[in-house]
Amino acid sequence: MWQILAAPYLAAAALLVVAGAPKVVDPMPLVRALRSTGLRAPLPVARALVRALAVGEVVVGIAAVLVPGRVTAALVCAAYLGFTGFVGLALSRGGVLESCGCFGKADTPPTRAHLAVTALLAVAAAALAAGPPAGPVWTAETLTRPATSVLVGFAALLAVLAHAVMAVLPLATPAAARSAATTSRRG
């Protein structure tokens, strides 16, 4: 199972770190996104909660890369199930027109493609949690194998493509153009 799911799992873990770090520094894009869907808490509580979740996101991502196994795969799965739930909620409620706050920026609106990517990454992590690697994945011997370089390269490519689907592609939609036009008229 590990051989099949290693690249998507590592991509998912890397995206946790890439998406979590900016939210630790500035939680407000996600706080605003949560509020736009009707999920509200007092501002200081919301900021602290988002920061704490973002720290958890980064820790899970790093742990998933360094110690892949049943527990870390289950944690990655739980994170992506949460993301999938939030993106689904945002889409169903019509909230979050400008940003879902996922990558700590105010320019990544949620889309059905975003929903699909987070759901697929959750499924990959769940499958790996059900059938984790038989033994240690990263050893001095495995790190020097050419296959490991290929695996890491493929995982990086998947992470870049997933990021593009979630954070770049939405900016090229007609809805994004309308949102940008509305924002520029207000500003």
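The values are calculated or read from the model by the stated rules, or taken from the named source; none is laboratory data. Keep in mind that this is a model prediction, so the values were computed, not measured. Neighbour counts are summed over all protein chains in view; Cβ atoms, including those assigned to glycine, are modelled from backbone coordinates with ideal geometry. Heads up: the accessible areas ignore ligands, DNA and RNA and are worked out on the full protein's heavy atoms, side chains in. Shrake-Rupley method; radii C 1.70, N 1.55, O 1.52, S 1.80 Å.
Per-residue answers, yes or no, for (1) in contact with a His (Cβ under 7 Å, 6 or more places away or on another chain); (2) at pLDDT 95 or above; (3) open to solvent by 60 Å² or more (accessible area, probe 1.4 Å); (4) part of a helix (DSSP H, G or I):
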residue: Val55; (1), (2), (3), (4): no, yes, yes, yes
residue: Val59; (1), (2), (3), (4): no, yes, yes, yes
residue: Ala63; (1), (2), (3), (4): no, yes, no, yes
residue: Pro68; (1), (2), (3), (4): no, no, no, no
residue: Leu81; (1), (2), (3), (4): no, yes, yes, yes
residue: Val87; (1), (2), (3), (4): yes, no, no, yes
residue: Ala90; (1), (2), (3), (4): no, no, no, yes
residue: Val96; (1), (2), (3), (4): no, no, no, no
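Yes/no matrix, rows are residues, columns are (1) buried (at least 18 other Cβ atoms within 10 Å of the Cβ); (2) of a type in the set (A, V, I, L, M, F, W, C); (3) closer than 22 Å to Pro8 by Cβ; (4) modelled with pLDDT of 85 or more:
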site: His114; (1), (2), (3), (4): yes, no, yes, yes
site: Ala124; (1), (2), (3), (4): yes, yes, yes, yes
site: Arg145; (1), (2), (3), (4): no, no, yes, no
site: Leu158; (1), (2), (3), (4): yes, yes, yes, yes
>> Would you confirm whether or not region 169-187 contains a residue that is touching a Lys or Arg at 6+ places or on another chain (Cβ under 6 Å) and either among the small types (Gly, Ala, Ser) or at pLDDT below 80 (or both)?
In response: no
> Would a scan of region 20-39 turn up a residue that is touching a residue at least 40 places away in the same chain (Cβ under 8 Å), open to solvent by less than 10 Å² (accessible area, probe 1.4 Å) and of a type in the set (Gly, Ala, Ser)?
Replying inline: yes
> In region 108-161, how many residues are among the basic types (Lys, Arg) and assigned to a loop (DSSP other than H, G, I, E, B)?
Replying inline: 1
>> Please count how many residues of region 40-53 are of a type in the set (Gly, Ala, Ser) and either in contact with a Gly (Cβ under 9 Å, 6 or more places away or on another chain) or open to solvent by 50 Å² or more (accessible area, probe 1.4 Å) (or both).
In response: 2
>> For region 10-31, check the following and say yes or no: at least one residue is outside any helix (DSSP H, G or I), over 25 Å from Val123 (Cβ atoms), in contact with a Pro (Cβ under 8 Å, 6 or more places away or on another chain) and of a type outside the set (S, T, N, Q).
In response: no
